[in-house]
Amino acid sequence: MCARGMRVRTRRWLRVAAVVMAGGAALAWFATPYVKALAFIIDVSGRDVPGRRWLPVQVRPVDAETIAVATRHGAIEGRLYRPMGMTGGASRTVLVVPGLHAAGVEEPRLDRLSRRLAGEGITVLSLPLPDLRKFLVTPRSTDMIEDAALWLANQPAITPGGQIGLIGISFGGGLALVAAGRPSLANRLDRVVTFGAHGDLPRVIRYVCTGLLPDGAPQPAHDYGAVLVLIAALPHLVPPEQVAPLDRAVRVFLDASMVDVSEPARAAALFRDARDLGAALPEPARSVMADVSARDATRLGPRLVDLAERVGGHPALSPERSPAAHARVFLVHGAVDTVIPQTETPAVAAFLKRSGASEVNWLLTPTVSHADATASVTASDVWALVRFWKQIFT
């Protein structure tokens with residue numbers, strides 16, 4: 001009787017253990033994608049988060065090589081990242097198009113994102129575009145994204161499945177959405193992901209020139225945005241002989257803006273150089289550069305606001321003026337973005353849905369500003385971003 005009771009109790013405990021183990025396995029299966037998404041977000045942010053080492057997520061080592069991509073406007077130099085030791089194509093391939101930045105593939109945030117994606121087992125082509133590196137948003141950049149995406153999808157050694165993901169950042173994100181709607185890329189993109197992208201470029205120009213959101217609500221714009229508009233508008237503002245020297249002074253200012261936070265001493269020296277170059281210019285270029293150096297968008301903006309359509313009105317520059325993307329779309333935007341305002345993402349999401357896009361998902365998050373992680377966020381903010389990122393790559 002005692003032995004039989006022991007056998008009954010043993011069987012009962014075995015059943016309980018089996019249930020617990022099954023529940024634990026189910027919980028681990030459910031939780032793993034979220035843990036991986038959290039680890040990814042921490043790693044890409046570039047911040048030292050003490051709890052990261054406790055997350056059981058291993059990142060594969062990565063090989064990187066320079067690669068040239070042919071387009072109708074000439075070859076572009078990019079960087080191809082692959083999980084180390086990979087001889088064939090990965091199960092997933094992604095083209096990453098950054099925004100306006102002169103540093104190209106060496107830009108630290110771009111390199112960090114590309115390496116981390118490759119560490120997930122994804123082949124990544126990082127492709128800074130020549131005009132965006134010169135702080136210009138041009139229709140030929142959209143053509144280059146289209147051509148590069150098609151080229152990458154047609155490389156069986158890199159993309160065995162013939163479909164790629166497309167990630168666009170800042171103004172590169174808006175152009176990527178335009179390219180994704182072109183007929184040549186139908187059925188060649190499995191998803192499009194943007195960070196801080198625009199929907200309508202003239203609308204963004206009007207915002208950075210006035211500090212007013214589309215509904216008229218005030219939100220002071222970063223002076224950097226108005227200076228970017230100025231680069232394209234110079235031929236409309238000063239005599240032809242003043243365009244080149246004023247352009248040089250403005251670009252020194254932009255170089256300073258790029259390192260304003262990371263290298264304050266160098267930035268201060270570059271800002272002084274920009275002011276000195278501006279002071280040596282004849283009028284009206286001297287007054288324009290004085291407004292730039294004042295770092296006050298309300299001074300520079302009135303010179304530019306009436307040029308919004310002339311500078312940015314080409315349909316190839318705005319998703320909302322072009323056919324909708326032929327892929328699943330994921331849009332992430334900082335909840336308060338003073339370069340490309342946060343109102344752009346819900347606006348372009350609504351346009352894409354009206355235009356018949358197959359799937360559109362979007363998130364406004366305080367965890368990022370424009371293209372950088374913010375310092376102070378809540379656990380619920382992080383959790384919302386984790387859930388959204390888990391959707392993108394699962």
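Results, tabulated for the structure shown:
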| quantity | calculated |
| --- | --- |
| In order through segment 116-133: 3J(HN,Hα) via Karplus (6.51 cos²θ - 1.76 cosθ + 1.60), integer Hz, x for Gly, Pro | 5, 4, 5, x, 7, x, 9, 7, 10, 10, 8, 9, x, 8, x, 5, 5, 5 |
| Ranked packing of 34-43, 208-217, 262-271, most packed first, by mean Cβ within 10 Å | 34-43, 208-217, 262-271 |
| Solvent-accessible area, 1.4 Å probe, carbon plus sulfur percent, for segment 59-112 | 49 |
| Carbon and sulfur %, accessible surface of segment 220-324 computed with the full protein complex present, 1.4 Å | 56 |
| P(r) histogram, all alpha-carbon pairs of segment 101-251 included - 10 Å bins from 0, percent | 10, 33, 32, 18, 6, 0 |
| Under 15 Å from the ARG52 label point (7 Å along Cα→beta-carbon), backbone N, segment 102-140 | 108-120 |
| Added length on full extension, which subtracts the Cα-Cα distance from 0.36 nm per residue, VAL243 to ARG140 | 34.9 nm |
| Pairwise FRET efficiency - ALA294 versus ARG266, Cβ, R0 = 22 Å, nearest 0.05 | 0.60 |
| Percent RCO, i.e. relative contact order, over segment 125-207, from Cα pairs under 8 Å lying at least 6 residues apart | 27 |
| Stokes-Einstein D (µm²/s) once Rh is taken as the Kirkwood radius of segment 198-334 over alpha-carbon pairs, at 20 °C in 1.002 mPa s | 134 |
| Cβ charges +1 (Lys, Arg) and -1 (Asp, Glu), total dipole of segment 234-390, debye | 360 |
| Translational diffusion coefficient (Stokes-Einstein; Kirkwood radius from C-alpha pairs) of segment 280-394 at 20 °C, 1.002 mPa s, in µm²/s | 125 |
| Percentage relative contact order, the chain, counting C-alpha pairs under 8 Å, at least six apart | 15 |
| Estimated 222 nm signal from helices in the chain, with DSSP H stretches of n ≥ 4 weighted -39500 (n - 2.57), rounded to 500 | -15500 deg cm²/dmol |
| Förster-model FRET efficiency, 35 Å R0, SER91 and VAL382, C-beta, rounded to 0.05 | 0.80 |
| Percentage of interatomic Cα-Cα distances in segment 76-173 larger than 17 Å | 46 |
| Globularity index of the chain, i.e. its alpha-carbon radius of gyration over 2.2 N^0.38 Å | 1.14 |
| Å² per residue, accessible surface of segment 204-253 at 1.4 Å | 41 |
| Computed over segment 123-209, the ratio Rg/Rh where both radii use C-alpha atoms and Rh is Kirkwood | 0.99 |
| Segment 305-349 shape via C-alpha gyration tensor axes, a/c threshold 1.5 | oblate |
| Which of LEU307, GLY196, LEU364, positive extreme of dipole for the chain (C-beta unit charges) | LEU364 |
| Segment 142-181: projected area of the alpha-carbon convex hull, averaged over directions, in nm² | 2.6 |
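The values are calculated or read from the model by the stated rules, or taken from the named source; none is laboratory data. Note that this is a predicted model, so its numbers are computed, not measured. Cβ sites come from the backbone with ideal geometry, for glycine too, and all protein chains shown count toward neighbours. All accessible areas refer to the heavy atoms of the entire protein, side chains included, with ligands and DNA or RNA removed. Shrake-Rupley method; radii C 1.70, N 1.55, O 1.52, S 1.80 Å.
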